[in-house]
Amino acid sequence: MIIQESRIRTDSGAGAITRHVLHGPKNEAIRCLCGSDWLLRDAMREARREGLTYGLRHIAFNPAQFMTDTQLSEFAQTICREFEADPEHITLVIHQKDGSTHGHLLLPEWQQDHILDSRFSWIRLEKLARLEEIRLGHALVAGRHDRPIIKALEQEGRNREAEQIKALIPATAQEKPRSAYSAQARRMAERQGADLPALKKLVCALWAQSDGLKSFRAALAEHDLLMREGDRTETRPGAHIIEDRKGTLIGSFTRLTKVRMADFRTLLAQEKQQTAPPIKPVLPTGRIPVRGMEDYLKKTAPAPAVRRTHRAMSLDEIRQRACIVGIIRKKEAILTRKAPESSLSPLDRTHSLTQWTQELTGYQKQLRRRRKRYSTARKEWQKAQASWWRRLSGISWRRKRVMEEKFLHLLEMIRYVVQALLHITGLRATPPEPLRTILTPQDKPALERFIKEYDDEFTAMAQPAKLSHWLNQRFDRMVRARDERIRRWGKVHQPEKEQAGREITQLRALLKTRPGVPEHRELVQQLIHLLPAEIFRPPELKPEPKQEITRKDTPKQWKPPSMS
């Protein structure tokens, strides 16, 4: 889901946003679920009365997969709760275009007694979009603020959602995702008769089909487009923009094609080097004397070609040798093949332990907080149990129920952090199951059995000193298991490698022998299972068809003349 936010200035009024949202001519259908143009104009009047710079906040959200009007409306209510906006004074409009739907939510900046919250609004909106995608089971879309979103979710205790969003962050450092153009630039281009989304797809397609900047410029020229150096050469040296023949700006080359600026500068240098004029060789300018002409011609004459004395090979022999060389290369690839894990870099103990410890820190904090709550509840119950008056009044019984409830939640937290430990260290394939908020005494036996089964892991998570020892043991087991898998892989593939070595020796001997000699024929018979039949086997002689004797070929028999 792509979500964008813009703020409408009070002095600009509500006319433009009303025409775009409520009367967009390019939409197949427009459904106004709540609000009206009158409500938008009234919000502008209130903002003008309060002296606010901005009167409306426009939030557009476009899901990648289909969402019903009810789901879009529920997501709009989630946005209202996040920013503490009054849901009775919002305007929600659904646009349908090309068979897909997207929503436009308009919130008044003046909320009757306070201004709409705007702190870290972009990050919070992206967080809501990622959570909605997880809730509906849609594919997650990478955003610019994934790292702050992960940190916020971990602070809220949503480690499962944080792990799913963490998978969106690439392992190697790269530029953050960014849009090729802003909504304002798109509206300006539409007023000038240009379709920016279509032009962006065209530029991306032309760049994908080109093998360099020279062919890319030629492809742009065929579509009446031009790439030139940007106007802001002082602030952005080397930046190039793409525009049409009328001068309408389409966008920056790096933004449209998602090419890094450093790579683009390299392409520019290569293009400049290719278009540079060739250097002409310097010829001697002085006159050569006639007496020295013969020596000069001998020095400058090309070397005579070496006469080849070996026997010329036929076309069939060339094909056979090429086929044998290809088979040898395939067999050599078998010899050099290694176990998949052996090509990886060796495990780094310090890096692995540091990474595991950092990922487990949040779970340890949650366990300590839940343990502290249970300890406090238990002390309160013991204090009430010591007083006879509190026992008679029922306070002790109520404190005992609270303590038992806190104990169940502590057991659930232990189950959660132990599963997280197993998942982080590779002993569990799936992330830990989410924490359950409602627990009953019937859940207690299963939780106690789980803790008894994983007592070592629970002890490690509860005591930081023992956690370091447990992680070191886990790392040693990982290294031993990896070495054992590599050894088993080598043992399984050792016969195949030995067979490939023997066949390579025979194939090389076949290359050294001449066709027709008995040794060559013996090697071909030994390697007949490797060599293609259509190249190394002689064609079978087909029997000649029998000639049928026709009636014309038979001699005519003499017949006596008829007596009439």
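The values are calculated or read from the model by the stated rules, or taken from the named source; none is laboratory data. Worth saying up front: this structure is predicted, and the values here are computed from it rather than measured. All Cβ positions, even for glycine, are placed from backbone atoms using ideal geometry, and neighbour counts span all protein chains on display. Ligands, DNA and RNA are stripped out before the accessible areas are found, and what is left, the full protein with its side chains, is counted by its heavy atoms. Shrake-Rupley method; radii C 1.70, N 1.55, O 1.52, S 1.80 Å.
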Exercise for review: Scan segment 393-425 residue by residue and report those that are of a type in the set (Ser, Thr, Tyr) and either outside any loop (DSSP other than H, G, I, E, B) or modelled with pLDDT of 90 or more (or both).
Suggested key: Ser393, Ser396, Tyr416
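I'd like the residue in segment 345-363 that is free of Cβ contacts under 8 Å to residues at least 24 places away in the same chain and among the polar types (S, T, N, Q) and, out of all such residues, is surrounded by the fewest Cβ atoms within 10 Å (Cβ to Cβ).
Taking the candidates together, the pick is Ser345.
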Exercise for review: Six or more apart or on different chains, Cβ under 6 Å: which pairs go from a residue in segment 414-434 that's over 14 Å from Phe450 (Cα atoms) and without any contact (Cβ under 8 Å) to a residue 40 or more places away in the chain to one that's in a helix (DSSP H, G or I) and open to solvent by 10 Å² or more (accessible area, probe 1.4 Å)? Could you list them?
Suggested key: Arg428/Leu422
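The rows are residues; the columns are (1) loosely packed, with under 15 Cβ neighbours inside 10 Å; (2) among the polar types (S, T, N, Q).
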{"residue": "Gln366", "(1), (2)": "no, yes"}
{"residue": "Trp381", "(1), (2)": "no, no"}
{"residue": "Arg391", "(1), (2)": "yes, no"}
{"residue": "Phe407", "(1), (2)": "no, no"}
Check your understanding: Does segment 27-39 contain at least one residue that is in a loop (DSSP other than H, G, I, E, B), in contact (Cβ under 8 Å) with a residue 24 or more places away in the chain, under 22 Å from Ile115 (Cβ atoms) and open to solvent by less than 60 Å² (accessible area, probe 1.4 Å)?
Key -> yes
Exercise for review: Given the conditions (1) more than 30 Å from Gly426 (Cα to Cα); (2) under 48 Å from the mean Cα position of the chain (by Cα), report the number of the one that Arg349 does not fulfil.
Suggested key: (1)
Study note, to complete from the structure: Going through segment 46-66 in order, the residues found to be open to solvent by 80 Å² or more (accessible area, probe 1.4 Å) and under 30 Å from Asp98 (Cα atoms) are Ala64, Gln65, Phe66
Revision key, fill the gap. Selection from segment 463-520 of residues touching a His at 6+ places or on another chain (Cβ under 8 Å), without any contact (Cβ under 8 Å) to a residue 40 or more places away in the chain and open to solvent by less than 90 Å² (accessible area, probe 1.4 Å) yields Thr513
Point to revise | Within segment 140-193, tally of residues that are open to solvent by less than 80 Å² (accessible area, probe 1.4 Å), among the basic types (Lys, Arg), modelled with pLDDT under 75 and assigned to a helix (DSSP H, G or I) | key: 2
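Determine whether Ala312 is among the small types (Gly, Ala, Ser), open to solvent by 30 Å² or more (accessible area, probe 1.4 Å) and at pLDDT below 85.
yes
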Review point. Is it the case that segment 435-453 has a residue that's out of contact with any helix residue (DSSP H, G or I) (no Cβ under 9 Å at 6 or more places or on another chain) and either under 12 Å from Tyr416 (Cβ atoms) or surrounded by 15 or more Cβ atoms within 10 Å (Cβ to Cβ) (or both)?
Key: no
Exercise for review: State which residue is farthest from Gln366 (Cα to Cα) when the search covers only segment 435-457 and only residues that are free of Cβ contacts under 8 Å to residues at least 60 places away in the same chain and assigned to a loop (DSSP other than H, G, I, E, B).
Suggested key: Thr440
Check your understanding: Right, Thr235: within 20 Å of Pro197 (Cα to Cα) and modelled with pLDDT under 85 or not?
Key -> no
